[in-house]
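The values are calculated or read from the model by the stated rules, or taken from the named source; none is laboratory data. Note that the structure is predicted; figures quoted are calculated from it, not measured. Reconstructed Cβ throughout: ideal geometry from the backbone, glycine too, with neighbour counts over all protein chains shown. Areas reflect the complete protein model, heavy atoms only, side chains present, ligands, DNA and RNA absent. Shrake-Rupley method; radii C 1.70, N 1.55, O 1.52, S 1.80 Å.
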Amino acid sequence: MDKEFDIVIIGGGPAGLAAAVSAYDEGEKNIVIIERSEQLGGILNQCIHNGFGLHTFKEELTGPEYAARFEDEVKKRNIECLLNTMVLDISSDKIVTAINKDDGMFSIKAKTVVLCMGCRERPRGALNIPGARPAGVYSAGTAQKLINISGMKIGKEIVILGSGDIGLIMARRLTLEGAKVKAVVELMPYSGGLKRNIVQCLDDYSIPLLLSHTITKINGKHRIKSVIVSEVDENRRPIKGTETEYKCDTLLLSVGLLPENELSKKAGVNINNVTGGPVVTQDFETNIEGVFACGNVLHVHDLVDFVSEEASDAGKNAALYVKNSDKKKGKTVIVKAENGVRYVVPNTIDTNFEEDIKLRFRVDNIYKNVYIKVTMGDKELIKRKKMIVAPGEMETLVLKKEMLSDSDNIDNIIVSLER
Amino acid sequence: METHKFICIGCPMGCDLTVTVDGDNISVTGNTCKRGEDYAKKEVTRPMRVLTSSVKVDGGEYPVVSVRTNCDIDKDKLFECMKVIKDTTVKAPIKIGDVLIKNILNTSADIIATKDVDKA
């Protein structure tokens, strides 16, 4: 064995940084962060727009500034960081195999592993758009990196498919850079992005948002020349006769994010089919003892503030596990999502808990004037009225210990909507 | 008398706001809370935005450094400011918070770096 650490954090983005800081502050100082790129901060480095940190720091920061705050905390604590280092494998007994230019391939024996690998964009290949395969088609995040980090220009006449937040942010960025964004095309009847991004990135610049539309053809041999946009029916099928051609030299895809769990799966971590992330307890522990997961690798968040908050809890729990790995467990109840709720994190709750538990969840459609409810058997634990809930905005409820006081005969807690 | 329409960004509700301006008298309808009213009034009287962009770097580890205005600027000055930003090149090293362009176009806002860029 080459190295030993109590806590190995895979990924140096917002989740990894927050997890490292809180684990350290809990008293476990033998920590390493392993990051594959040349800098810490992850995707925040290319998110140069503002709006980060309203919850955490009570001010609006840009992505790099938000990352710098956490990097400073990591540096202050002298937490070891391995940059330019790629983790190749995590075994079920927590041996982490990694590679870099200086050390070659090496392995680390870990007492705990915190999975903080984040997510990646759904690629073009997953979309089945008919037509040619010309240059000029980028995922929105790739375009963002090329412009904001590499200082390149990517095109002058842009169409964006998908109204995810990165696509909306790029619509504004490209417009300010002098490009013409002709349309943002969204398959669903609503946008998956945050409201304020629709207003401040599209409405501010009179960029049309075409809801219930999709791209049915890409034209161009070497470079993209145009796309065909069609309206879709309620089953998301293109409607014949609605085809409109949009001339463009660039197409951006902002069509969803996928948690990056190849390493987790290799280690034998169970994955939730809805989130694409690990199944976890309220401590953010996976089915493999001592392996924790948090941030976008667990479920895709819309605000980095919530990633930091979740990762901070996960890091603390990892440190507590190192201190006391044979802690007594109570009864396990399963948390279920039903009736309009798409998923809930965590998936299980050990009733022997001390601190409040945050239930984070998403709904499957836009609903107005509904109650969000948490029930246990026929007992209602929480019922809260909401004027509106939307798939693009994560919801949170807090479960208190006393609420589960008579859970002896109960196996499930259910989060649902009542209309 | 003139009317303007906005979507409120105060919360996910996204109320459709209609603002009627009659001389000094501004009235807002369509809002469901006070925040909507405040937002709409600001949008018709003086819409302000923080501008973020990047500035070319000479001799740095990266070719550009990310920047922002250190306060809100008038929305209708965004494109003029972008011209100034695009015509600017700064020398590495740059520290986060460094003022790269002072008082851009007399808006009283400075363009500041939002990231460290070391020498290459």
| How many of the residues in region A:358-380 are outside any strand (DSSP E or B), exposed (fewer than 14 other Cβ atoms within 10 Å of the Cβ) and within 26 Å of the chain's Cα centre (by Cα)? | 1
| query | Quick one: A:Val74 ticks every box in (1) in contact (Cβ under 8 Å) with a residue 60 or more places away in the chain; (2) assigned to a helix (DSSP H, G or I); (3) of a type outside the set (Gly, Ala, Ser) bar one, so which box is it? | reply | (1)
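For region A:198-209, what are the residues that are surrounded by fewer than 18 Cβ atoms within 10 Å (Cβ to Cβ) and in contact (Cβ under 8 Å) with a residue 24 or more places away in the chain?
Of region A:198-209, the ones surrounded by fewer than 18 Cβ atoms within 10 Å (Cβ to Cβ) are A:203-206, A:208.
If the condition is that a residue be surrounded by fewer than 18 Cβ atoms within 10 Å (Cβ to Cβ) and in contact (Cβ under 8 Å) with a residue 24 or more places away in the chain, then A:Asp204, A:Tyr205, A:Pro208 are the ones that fit.
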| request: Considering every residue within region B:59-74, establish whether at least one is at pLDDT 95 or above, in contact with a Lys or Arg (Cβ under 7 Å, 6 or more places away or on another chain), farther than 28 Å from B:Lys5 by Cα and among the hydrophobic types (A, V, I, L, M, F, W, C). | output: yes
| query | What are the residues in region A:61-93 that are surrounded by 18 or more Cβ atoms within 10 Å (Cβ to Cβ), in contact with a Ser or Thr (Cβ under 9 Å, 6 or more places away or on another chain) and modelled with pLDDT of 95 or more, if any? | reply | A:Thr62, A:Gly63, A:Pro64, A:Glu65, A:Tyr66, A:Ala68, A:Phe70, A:Val87, A:Ile90
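Check B:Lys56, B:Lys75, B:Lys42, B:Lys86 and return the single one that is open to solvent by 20 Å² or more (accessible area, probe 1.4 Å) and more than 9 Å from chain A (Cβ to nearest Cβ). Outline the logic, then answer.
On the way: B:Lys56 fails: more than 9 Å from chain A (Cβ to nearest Cβ); B:Lys75 fails: more than 9 Å from chain A (Cβ to nearest Cβ); B:Lys86 fails: more than 9 Å from chain A (Cβ to nearest Cβ).
None of the other options fit; the residue is B:Lys42.
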| Which one of the conditions (1) buried (at least 20 other Cβ atoms within 10 Å of the Cβ); (2) within 13 Å of another protein chain (Cβ to nearest Cβ); (3) under 21 Å from the mean Cα position of the chain (by Cα) does A:Arg172 fail to meet, given that it meets all the rest? | (3)
| request: Can you work out which of the residues in region A:136-154 that are within 14 Å of chain B (Cβ to nearest Cβ) and small (Gly, Ala, Ser) is farthest from A:Leu258 (Cα to Cα)? | output: A:Gly151
| Can you find a residue in region B:76-84 that is free of Cβ contacts under 8 Å to residues at least 12 places away in the same chain, within 23 Å of A:Glu177 (Cα to Cα), assigned to a helix (DSSP H, G or I) and of a type in the set (Lys, Arg)? | yes
